[in-house]
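Please treat every number below as a calculation from the coordinates, not as lab data. Being a predicted model, the structure only gives us computed values, none of them experimental. Neighbour counts are summed over all protein chains in view; Cβ atoms, including those assigned to glycine, are modelled from backbone coordinates with ideal geometry.
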Amino acid sequence: MAERRIEQRFSATAAYTCFSRACASCERDERFRGSDDVARTFLPLFAKAILGVRALRSFFVRRVAPPGIYEYVLARTKLLDALFVSALDEGISQIVLLGAGMDTRAIRFRNRNRGTKVFELDIETTQRPKVAILARKGISLPEELVFVEINFDREDLAGVLTAAGYRNDRRSLFLWEGVTMYLTADAVDATLGFVRDGPEARIVFDYVYASVLRGEEQYYGERQIRRRVSKAGEGWTFGIEDGGIDVYLADRGLRLVEHHTAADLEKEYLTADDGRIFGRINGTHAIAVAEAPVGGG
């Protein structure tokens, strides 16, 4: 298998997501402001300079970023933040971040954590720079946080997680944010199978519609975002048919609990009480929440 560019250097999409979260934390309207004020820690000096000037932030969001992707990242972050905090409040034993990138939830919500182990999994070329920056900036890490290096296309998730201290007999939440579309179908199946076999396990993941991979251009912002990820050397390789998520999960022994389309996310996170819409969300993505049968598969 030829190495993809993401395996050779820091992920461009992880960097984009990090910068988008940092920009969101600067939004003036509290209703639409992002909560990730730690994301700016990972930014280089030129990016921090852009962050500090409203006009430059606006130029990035409206002109540089593919249509609706900044808004998608903002809404997705809010949704997954809420699910992460809910899991902590419920006292779930383990939270696993699959392809964590520059995720900061373990740090931002450390005061809500009463003993939940948080595993951050990602490829070496993304995770090691992150750990180094946190150390250089003197940011203390929660004792519950465990960093785990993995290549999802080549390594066995069960073996890697178990070696890191993961217990397959405890309640777990998996957050799989911005990852599935870059994997093979077999790699996605393997991960969902691992979740299915755990007791009371739940997984949250986003995906792109399969028609996007075929270039059918049915959704807002589709052409621009496909071009951008391809140019970054991290082209999308996996999708699920629009309207097919229930059957897709059922075929893999999982039950759909929640499903959030672009329209759902706009209504929930980007619409003010007076009906004003902050922005339109790129239509290529959706977010699913699924769970395994009680007692495993």
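Is the shape of segment 164-232 rounded, prolate or oblate, going by the alpha carbon gyration tensor and its root eigenvalues a ≥ b ≥ c, with a/c under 1.5 for rounded and a/b larger than b/c for prolate? Prolate is the answer for segment 164-232, as a/c is 1.5 or above and a/b outweighs b/c. Modelled label positions at ARG112 and ASP197, each set 7 Å beyond Cα in the direction of Cβ, lie 3.1 nm from each other.
Given the chain reduced to its alpha-carbon atoms as identical point scatterers, what log10 I(q)/I(0) does the Debye formula return at q = 0.09, 0.11 Å⁻¹? Results for the chain at q = 0.09, 0.11 Å⁻¹ read -0.41, -0.64.
For the pair segment 79-132 and segment 189-258, the centres of their Cα atoms are 21 angstrom apart. Which lysines, on any chain, are close to LYS48 with Cα under 29 Å apart, when same-chain ones fewer than 8 places away are left out? Of all the lysines, those that pass the test against LYS48 - Cα under 29 Å, at least 8 places apart if same chain - are LYS78, LYS130, LYS137, LYS231.
Per-residue extension of 0.36 nm, minus the Cα-Cα distance of THR184 and ASP89, leaves a gain of 30.8 nm for this segment.
With charges only on Cβ, +1 for K and R and -1 for D and E, what is the dipole size of segment 5-291 about its Cα centre, in debye, rounded to 20?
Details: 41 positive and 42 negative charges, 297 e Å.
Dipole size: approximately 1420 debye.
Calculated mean residue ellipticity at 222 nm for the chain: -11000 deg cm²/dmol, from DSSP H runs with n ≥ 4 weighted as -39500 (n - 2.57), summed, divided by the residue count and rounded to 500.
DSSP loop GluC sites (Glu not before Pro) in segment 209-297 with at most 14 other Cβ atoms within 10 Å of their Cβ, which ones? The partial results should precede the final answer.
Values: sites: GLU216, GLU217, GLU222, GLU234, GLU241, GLU258, GLU266, GLU268, GLU291; in loops: GLU216, GLU217, GLU234, GLU241.
Answer by residue number: GLU216, GLU217, GLU241.
With r defined as the distance between the Cβ atoms of THR162 and ILE133 and R0 fixed at 30 Å, what FRET efficiency is calculated, to the nearest 0.05?
Working: r = 28 Å, r/R0 = 0.93.
Plugging the Cβ-Cβ distance into 1/(1 + (r/R0)^6) gives 0.60.
Across all directions, the shadow cast by the convex hull of segment 109-224 built on its C-alpha atoms averages 9.6 square nanometres.
State whether segment 196-297 is rounded, prolate or oblate according to the following rule on the C-alpha gyration tensor (a ≥ b ≥ c being the square roots of its eigenvalues): a/c under 1.5 gives rounded; otherwise a/b larger than b/c gives prolate, and the remaining case gives oblate. Note, shape of segment 196-297 comes out oblate.
Among the DSSP helices (H) of the chain, those spanning at least 27 angstrom by Cα along their long axis with an average Kyte-Doolittle hydropathy of 0.0 or more are 69-90; this is a geometric and hydropathy rule only.
The residue list GLY34, VAL208, ALA263 was ranked by how far each Cα lies along the charge dipole of segment 5-291 toward its positive end, using unit charges on Cβ atoms, and GLY34 comes out on top.
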